[in-house]
Amino acid sequence: MKTIISCVCCLIACVCYSITLTCAWNASPDPQASGYNVYWGASPRTYTNKVNAGNNLMVTISNLPNVKLYFAATAYDPAGLESDFSVEAVYTPSTTTNILKTPAPIRIEHK
């Protein structure tokens, strides 16, 4: 299964050393896609955490450290086969809005 997914992460709330992010993406054009996983970690393309979003196109992740984080999404089919990772989205702690310059439409907002 080969699918391209764009991943968008928007900051929902920030509390001291813990943040909550909402990641959203476009539906996979693959008719076999039955759900999505979102991966993240503190290094590029090195994901140490995963959340299953089911067939939702958005997931909120809480209790994240307020440090630079890297996110990517995958689609999976009913047999559990996953697509390649999406283009990576990066969250960088800031007091201003961060707009990434990447090949895919990814936007991260810090409010």
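For the peptides 81-93, 37-49, the ranking by packing is 81-93, 37-49, with the highest mean count of neighbouring Cβ atoms within 10 Å listed first.
In this rough spin-label picture, where each label sits 7 Å from Cα along the Cβ direction, the Thr60-Ala27 distance is 2.3 nm.
Read the figures in this text as sums done on the coordinates, not as results from a lab. It should be emphasised that the depicted structure is a prediction, and the values quoted were computed from it without experimental measurement. For neighbour counting, all protein chains shown are included, and Cβ atoms are generated from backbone atoms with ideal geometry for every residue, glycine included.
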